[in-house]
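The values are calculated or read from the model by the stated rules, or taken from the named source; none is laboratory data. Everything numeric here is computed off the predicted structure, so don't read it as measured data. Don't worry about glycine lacking a Cβ; one is built from the backbone with ideal geometry, like all the others, and counts go over all protein chains shown. Just so you know, the surface numbers come from the protein's heavy atoms only, side chains and all, with ligands and any DNA or RNA stripped out. Shrake-Rupley method; radii C 1.70, N 1.55, O 1.52, S 1.80 Å.
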Amino acid sequence: MADHTGDPQHAQDTWVDEAMARLSTEQKAALLYGADPWQVRSPGSLHLHDLVMTDGPNGARGVTFHTGVSRCFPCETALAATWDPDLVAEVAAAIGAEARSKGAAVLLAPAVNLHRNPLAGRNFECFSEDPELSAQMAAAYIAGVQSQGVACCVKHLVCNDQESGRHTASSEIGDAALRELYLTPFEVAARAGAWSIMAAYNKLNGEYVTEYPWLLTTVLRDEWAWDGVVVSDWYATQSTAKALTAGLDLEMPGPSQLRGDKLLKALETGELSSEDIDRSARRVLRLLHRTQHRPMTAPPADPAALIREAGARGIVLLKNDGVLPLAVAPGALIAVIGSGADAGQPQGGGSCQVNPPYVSGPLSAIRARLAPDATVEFARGWADQTRPRPLTAQDIKIEYRLRGAPDSEVLATEYAVSLSMSWFNSVLPGYEPGDLAVRVTACIIPAENGVHQLTLAAIGHGRLTVDGQVLLDQRSAGGRDVIFDLGRITQRADIALEAGRPAELVIDYEPWSESGLLRLQAGLIPPAPDPAAAVRLAAAADLAIVVAEHPHGVETEGVDRPHLGFDPAQNDLISRVCAANPRTVVVVNTGSPAAMPWADLAAAIVQLWYPGQELGESLADVLTGAVNPSGKLPVTFPARAEDAPSWPYYPGTEEEVRYGEGLAMGYRGHTVPPAFPFGFGLSYASFRLGEASAAAMADGYQVTVPVTNVSGRDGREVVQLYARLADDRPFLELKAFATVHVPAGRTVPAVLAVPASRLRTWSGTGWRYLSGPVEARIGTSSADLPIAVLLGA
Ligand code: BGC
């Protein structure tokens, strides 16, 4: 299959033509569905790799949930908070290399749904509430991942912006909001050359996305001229012929439920034509060709330093009365407080979760930086008693036997790194889950003395024993999202454990599930800590650092958050610590906005997000000033959930989610001043913006703004441009930004590119491009735009 034209596109087309000519109808049809949960087989005659897929976006887990470790990168919201596409591309290239090292050709990322409502469970997996910021981040992410020969699968097309009703509801939305807000990141991703896109579970204006010809063919193919592969979200395919003719190329996961022989039957009955099969088969072959040519020669370089840098660059300093950066006098006592202040939460929950090789916790990183000059002491003060955190254990062994034959020979043995186990359809290839008995053994070494609660969540039947004593016996049939919502199916039992004394854990598990999703998780609720001891420590300390977090599993795929707040007992602890020590820094370890009733009492507030495995190091870099904070909020932090413009329509019902706020979503529609506005973030330096000048370019405008660092500390500033797109719109919209590094006392120009293609509004049937003059304002947050400029004047 040689190509002599030298044109890569032509070479690819020729290769696809020749491959198609060699395949039978059956072989072509087999390219259109997963053979197993994570891969599509490529026909042997092509001598190519199989199309293996792995979840993202904050890492590349590989094809199992609980065996093998993967680096944990910052969540997408943290990446967007850097407002730095170059850094995001670098991080994404490292994620692509990680995917490649796991044999994957497709990374199921980035997620470009918008943070329409602050309570949506998967916000942390998505970049921003703003389409422009999301689009630029997505384009950078795609360039990074695909530079490694790994395809991005941009998800979840479209209006899949919440977990409530995500499998059933129809997102009811008008054309202007759909085009200008929710479709824009997908459009930019498609035009940036994403090699695949994932079609979401939900319906859009009454049609399942996976069988909507207008979306999958008219928009994606005819309007955007996109030549990639449309992959169904896992189990989102609704039909055989209708979905394929609408433009859904690939049904995932396998084994197939709606394709396989059903495709061939539909061909026989005339419901499908061979052109329908060929069209999608060609696209899948193109994807195989695109991802084929880079055999892994060496393991990827360790990205720890990059993760740490990106984690620190995403941190947003929300408040600082001067206590930061830390200036610690010799002999000082520093109190580190909070349920997660020792471990930290590096990531949110759901399909994107990875098992990191390690996590740098806040306590050890802060201690390493400040000791021995200062003494750093820890008090937990509060620990959630309602939801378990995954139980950490050593020597986790899984043995599979035939059910009902406990003494029979072991069919297979695996070693796991986590007691949080998930499977799709099959727990052991070649056996029905219902025929198997699974025994998990592990050793747990408690960190604390006292009465712990052990918990078990099993889809099927699970029995948990510690040191020979049966503690829990639990059955559940499971359901679609029960896999992520562990709270609903968890049983618990008290057990007194001794710090450091190993205990032997055995779980006997008989898998069975209505949905095909199988799950086994052992969890732990530590003894309730004494808040008074934490407050006493804070009072005695020279400075207190409190880490605020949500209980495990609150920010996750599968469920939305019940409210904007933290747990009341945790809020109470934070308020008491702030009252006991006026020099209290609150670190917020969440993936999306939380209400902070103690904000006025805290000396400083640091939004950490889910920054990945180097969490403690990234945080310590910012607290100590080794990194000058420059992150800006990619989402509005409302004071109350009710203030979000989508609130009156959220969450809707299982049948319908009405996007009634239309274009006035997020900062565009906030009528009540938020706690912290979109685009906001402080620095240890101070900057002054000069006069802006705009020049017309061939494809838009270039706006230049001098940025002067009027402080004694080097730092970065993010200059943001918001335009008024129509006279009848009471809001400005982000259209361009630039991140500049400005040394102390110097002036550096920020150069912002405003492509003409983005100065547009949707008017009924088509785009209206603004020829100018367009009124724009420039500043360093959506609420601080002192500089006016006219584009096209
Ligand atoms: C999620 C996707 C994910 C897929 C595979 C689905 O539940 O919505 O984001 O890629 O599972 O794990």
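For the reader, a short list of remarks on this structure follows.
- Enumeration of residues in the stretch 424-479 that are open to solvent by 60 Å² or more (accessible area, probe 1.4 Å) and polar (S, T, N, Q): ASN449, GLN469
- All positions within the stretch 719-747 that are over 21 Å from ALA788 (Cβ atoms) and surrounded by fewer than 16 Cβ atoms within 10 Å (Cβ to Cβ): HIS741, PRO743, ALA744, GLY745, ARG746
- Restricting attention to the stretch 555-572 and to residues that are open to solvent by 30 Å² or more (accessible area, probe 1.4 Å) and charged (D, E, K, R), the residue that is farthest from the ligand (Cβ to nearest atom) turns out to be ASP572.
- Cβ-Cβ contacts under 6 Å between residues 6 or more apart (or on different chains), taken from a first residue in the stretch 232-248 that is touching a residue at least 40 places away in the same chain (Cβ under 8 Å) and more than 16 Å from the ligand (Cβ to nearest atom) to a second residue that is not in a loop (DSSP other than H, G, I, E, B) and not hydroxyl-bearing (Ser, Thr, Tyr), are listed as LEU244/ASP276.
- Residue within the stretch 158-172 that is crowded, with 22+ Cβ neighbours inside 10 Å, free of Cβ contacts under 8 Å to residues at least 40 places away in the same chain, touching a helix residue (DSSP H, G or I) at 6+ places or on another chain (Cβ under 9 Å) and assigned to a loop (DSSP other than H, G, I, E, B) present: no
- Matching residues, the stretch 310-352, being of a type outside the set (A, V, I, L, M, F, W, C), within 16 Å of the ligand (Cβ to nearest atom) and surrounded by 23 or more Cβ atoms within 10 Å (Cβ to Cβ): GLN347, GLY348, GLY349
- One residue from GLU510, GLU514 being surrounded by fewer than 24 Cβ atoms within 10 Å (Cβ to Cβ), more than 25 Å from the chain's Cα centre (by Cα) and assigned to a strand (DSSP E or B): GLU510
- Within the stretch 353-384, tally of residues that are more than 24 Å from ILE95 (Cβ to Cβ), in contact with a Phe, Trp or Tyr (Cβ under 9 Å, 6 or more places away or on another chain) and open to solvent by less than 10 Å² (accessible area, probe 1.4 Å): 0
- Candidate set from the stretch 220-231 (those that are away from the ligand (no atom under 16 Å from the Cβ) and of a type in the set (A, V, I, L, M, F, W, C)); member that is surrounded by the fewest Cβ atoms within 10 Å (Cβ to Cβ): ALA225
- VAL754 meets each of the listed conditions (1) over 28 Å from the mean Cα position of the chain (by Cα); (2) touching a residue at least 12 places away in the same chain (Cβ under 8 Å) apart from (1).
- Qualifying residue in the stretch 444-456 (condition: touching a Lys or Arg at 6+ places or on another chain (Cβ under 7 Å) and not assigned by TED's automatic domain parsing to the domain that holds PRO502): no
- One residue from LEU107, LEU114, LEU48, LEU87 being open to solvent by 20 Å² or more (accessible area, probe 1.4 Å) and either within 13 Å of the ligand (Cβ to nearest atom) or touching a helix residue (DSSP H, G or I) at 6+ places or on another chain (Cβ under 8 Å) (or both): LEU48
- Scanning the stretch 255-271 for any residue that is within 16 Å of the ligand (Cβ to nearest atom) and in a strand (DSSP E or B) turns up nothing.
- Among the residues making up the stretch 156-197, those that are within 16 Å of the ligand (Cβ to nearest atom) and closer than 19 Å to ALA140 by Cβ are PRO185, PHE186, ALA189, ALA194, TRP195, SER196, ILE197.
- For the stretch 119-151, residues that are in a strand (DSSP E or B), within 13 Å of the ligand (Cβ to nearest atom) and in contact (Cβ under 8 Å) with a residue 60 or more places away in the chain total 0.
- Listed by first and then second residue, the pairs with beta-carbon distance under 6 Å, at least 6 apart or on different chains, first residue in the stretch 731-742 and more than 28 Å from VAL672 (Cα to Cα), second outside any strand (DSSP E or B), are THR739/TRP83; THR739/ASP84.
- When the residues of the stretch 51-71 are filtered to those that are open to solvent by 30 Å² or more (accessible area, probe 1.4 Å) and not polar (S, T, N, Q), the one that is farthest from GLN394 (Cα to Cα) is VAL63.
- Flag if THR217 is more than 24 Å from ASP84 (Cβ to Cβ), crowded, with 24+ Cβ neighbours inside 10 Å and not small (Gly, Ala, Ser): no
- Against the numbered list (1) touching a strand residue (DSSP E or B) at 6+ places or on another chain (Cβ under 9 Å); (2) over 21 Å from VAL622 (Cβ atoms), ARG716 comes up short only at (2).
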